Structures are given as C-alpha cells and as structure tokens.
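Have a look at the structure below before the remarks.
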Amino acid sequence: MKAATLAILLATATLPALAQTATDDNDQDAHVHVSIHCKTTTGKCKPPPVPPAPPAPPAPPAPPVPDVGEDGVLPPIPAVPAAPPVPAPPPPPKLPPVPAEAHAACASKPAGSALTWDLGGGEVMKGVCAKRNGKTVFVLRSYGLNG
C-alpha cells in the first residue's frame, strides 16, 4: 500500500514538469533559428551560398487534336434528327343528352341555381338552371365520367 501511494505522489509531482517540457519542445518547432559561425583571421565571412532557383512549373497539357480527314479538313457535324410530330389529341367523348328529370328539377328553382345531376355508374352532370323560351331548364356546364 505504501509503494502504491508513493508511486501516485511521485507521478503527481512530475506531471507538470513533463507537460512544461512538451510545450517547450513545441515552441522550438514554431520558431526556427539559423546561425552561421565563421572563423577567419580577417574577420570577414564569405556570404552564404545563394539558394537554387525554384523548379519551373510543369507545362500545361496540349489541347486535344481533332480528327481530320486525309485532306486536312474537319468532317462535318452530323445533323440533329428532326423531332417527330406531336400526335393530334383524341376527339372529345360524345356527351349524353340531358335527361328530362334534370329539366324538371330546374323547373321549381330560380334561374342561376346550381344543380348536380347523378346519372349513375359514375356519370355526373353539373350545370345551372336558366330561363330559355319562357321555361326554366337545366344548362349543362360540365360532365364527368368516373367509371
């Protein structure tokens, strides 16, 4: 037990000194010092040698050479094919006649009233009631087939 306690106290005491040494080493790496020692009898030293010139950058790659024919003329650019014509839209569906029941439902309504008439099987007629020839009739505005 005494040996373990002694080892812990010794490690605790030397840890700050180790950390200081590590930071001192890093400081020396950050600052480079150059010193030239010259021993002559005249007291004048030769100047240091001139550093070599940096190497020239590599030359850029040559541009690609187009393929030319035997006569030295570039071949013509191929023509872009024409777009196919847009097909005509299909004809609109044939509308069924407005049932007499829809006209009868409008007879009791004022002109401008909206009416939706369900024909069954997913067929729906929407329209308004309007005065025509002295009678209120159903005027078809839209037809839907959700079959």
For this session: Normalise the Debye intensity by I(0) for the range 60-147, one equal point scatterer per Cα, no solvent, then take log10 at q = 0.11, 0.13 Å⁻¹ and round to two decimals.
Result: -0.52, -0.63
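Could you sort the peptides 91-99, 135-143, 111-119, 52-60 by per-residue average Cβ neighbour count (10 Å cutoff), highest mean leading?
Per-residue Cβ counts within 10 Å, averaged per peptide and sorted highest first, yield 135-143, 111-119, 91-99, 52-60.
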Seminar exercise, completed: Here the range 37-45 yields Karplus 3J(HN,Hα) values (6.51, -1.76, 1.60; θ = phi - 60°; whole Hz; Gly and Pro given as x) of 9, 10, 10, 9, 8, 8, x, 10, 9
Exercise. Can you pull the percent of Cα pairs in the range 100-145 with separation above 16 Å?
Worked result: 31 percent
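Where a number appears in this text, it was derived from the coordinates with a stated rule and is not lab data. What you are looking at is a predicted structure, and each value in this text was computed from that prediction instead of being measured. Every residue, glycine among them, receives a Cβ derived from its backbone with ideal geometry; neighbour counts consider all protein chains shown.
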